[in-house]
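What follows draws every value from the coordinates through simple rules; no lab data is involved. What you see is a predicted model, and the numbers here were worked out from it, not measured in a lab. Here Cβ is always computed from backbone atoms with ideal geometry, including for glycine, and neighbour counts include all displayed protein chains.
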Amino acid sequence: MREGGSRLICAAMRRLALALLIPCVFGGCSLGDDDGRPPQLGVDPQDDQAAEKLGFPSSATRNTIRVGGADAVADAAGVASALYPATGGADRPTAVVLVDSDDWQTAIAAAVLAGPPIGAPLLLSDGDELPAISEDTLNHLQPKGSDLSKDAQVIRIGAGVARPDGFKTAVVQGGDAFQRAAAIDRFISAASGKPSGDVVLYSADSPEWALPAASWAARSGDAALPVRADSIPAPVRRALAGHERPNVYLLGPQSVISGEVERELTKRKLARSVSRIAARTPVENAIAFARYERGDFGWGIVVPGYNFAIANVDRPLDAAAAASLATRGVFAPLLLTDDADQLPRPLEDYLLSVQPGYEDDPGQAVYNRVWILGDDKAISVDEQARIDATTELIPVQANSP
């Protein structure tokens with residue numbers, strides 16, 4: 001479970017550099033909505049706006065990397081390009097998952113496809129249309145085709161999702177988010193050879209409580225399934241039955257997923273055990289999940305040496321972007337902020353509690369790194385700077401209290 005350290009950070013930085021290069025190759029010279037937006041490559045040092053065009057500190061600091069999309073569609077494309085530079089055959093994904101940008105409930109369930117054995121990053125469509133950035137990213141990635149999905153290069157979640165020309169596609173059907181989640185679960189169970197022994201149930205009504213389930217599903221291969229506050233919809237009940245009494249984890253307090261759901265799990269004998277990961281606020285709940293560990297389940301991050309992803313609760317589809325960051329040598333749990341301008345105190349306290357330090361030789365230390373999802377309207381540059389400071393490697397005194 002303990003994966004992190006300097007080698008992962010170096011790999012992440014190499015992938016980031018390649019990701020920044022990709023749009024410049026295809027679109028000219030810069031990243032963003034127009035040629036004047038940072039970061040840019042090949043900045044002229046005599047340019048009056050050279051510092052702004054380089055894009056620091058907004059694009060990256062010592063300990064942070066920002067995927068600065070104006071929305072989750074752009075963030076998902078940015079993460080896919082960073083993790084799969086596609087400069088050769090070995091770094092292309094086997095497949096890409098397409099989910100509708102209005103369907104955060106399904107995106108969380110589909111995050112399981114980002115991890116083994118499929119390894120498919122998520123991109124977002126606008127109904128049956130593919131946004132330009134998703135289309136450009138897909139064309140660059142040129143997925144190889146997954147033999148676990150009959151060589152499909154694109155796995156479409158729902159019949160109404162865009163069908164890109166020139167790619168072999170498979171579709172995971174379902175008339176609503178619950179049916180689609182159950183269908184995704186059947187699909188990944190067949191690909192894996194068996195259903196997961198652990199299942200996370202998340203709220204289909206309150207995205208701010210549900211988002212961290214996506215990263216764990218991608219990291220672990222455990223099913224993530226949506227439920228109502230007081231009931232388990234029939235498609236999800238059937239999916240749980242297929243897991244043959246798994247360990248079930250409810251994400252959120254009883255105000256989000258009530259005791260009625262727990263009682264239904266017990267009454268219908270759908271679970272071997274039922275545990276709840278709960279805290280006072282969505283920000284604190286995400287932290288509780290990052291800390292949680294029970295056997296092989298949970299991140300269990302209570303010491304330094306990890307990557308993290310942080311998104312704003314107001315952008316639920318960023319969970320789709322964050323899912324792949326839980327794989328591919330990054331292994332970052334999703335943390336949340338509910339303030340675009342200031343780091344919430346519970347989040348600051350958590351980052352400080354796992355802040356890395358060294359006594360004598362910093363070369364022997366472990367490091368933390370944070371991937372920030374969204375532009376400065378989602379997470380300000382000031383907030384990013386504070387995140388950077390809380391993840392800085394600092395000297396410590398031996399035997400200090």
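Values for this structure:
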read-out	value
Estimated [θ] at 222 nm from DSSP helical runs (n ≥ 4, -39500 (n - 2.57)) normalised by residues in the chain, nearest 500	-10000 deg cm²/dmol
Gain on full stretching of the segment that runs from Ala51 to Ala385 - 0.36 nm per residue minus C-alpha separation	118.5 nm
Extended-chain gain in nm, criterion 0.36 nm per residue less alpha-carbon gap, Arg268 and Gln173	31.6 nm
Order of Lys144, Lys267 under a 10 Å beta carbon neighbour criterion, fewest first	Lys267, Lys144
For a label point 7 Å along the Cα-to-beta-carbon line of Asp338, residues of the stretch 303-327 with backbone N under 15 Å	311-316
The chain - share of DSSP beta bridges that are antiparallel (%, nearest 5)	10
10 Å-binned pair-distance histogram of the stretch 51-162 (Cα, whole percent)	14, 44, 30, 10, 1
Cα-based shape type of the stretch 253-331, given that a ≥ b ≥ c are square roots of the gyration tensor eigenvalues and the cut on a/c is 1.5	prolate
Label-reachable residues, the stretch 339-359, where backbone N falls under 18 Å from a point 7 Å from Thr281's Cα toward its Cβ	339-353
Anisotropy class of the chain from Cα gyration tensor, a/c 1.5 cut	oblate
Of the DSSP H helices in the chain, those whose Cα atoms cover at least 18 Å axially and whose Kyte score averages 1.0 or more	6-27
Net charge of neighbours whose Cβ lies under 10 Å from the Cβ of Val313, counting Lys and Arg as +1 and Asp and Glu as -1	-4
Tensor-based shape of the stretch 60-102 (alpha-carbon gyration tensor, a/c under 1.5 rounded, otherwise prolate or oblate)	oblate
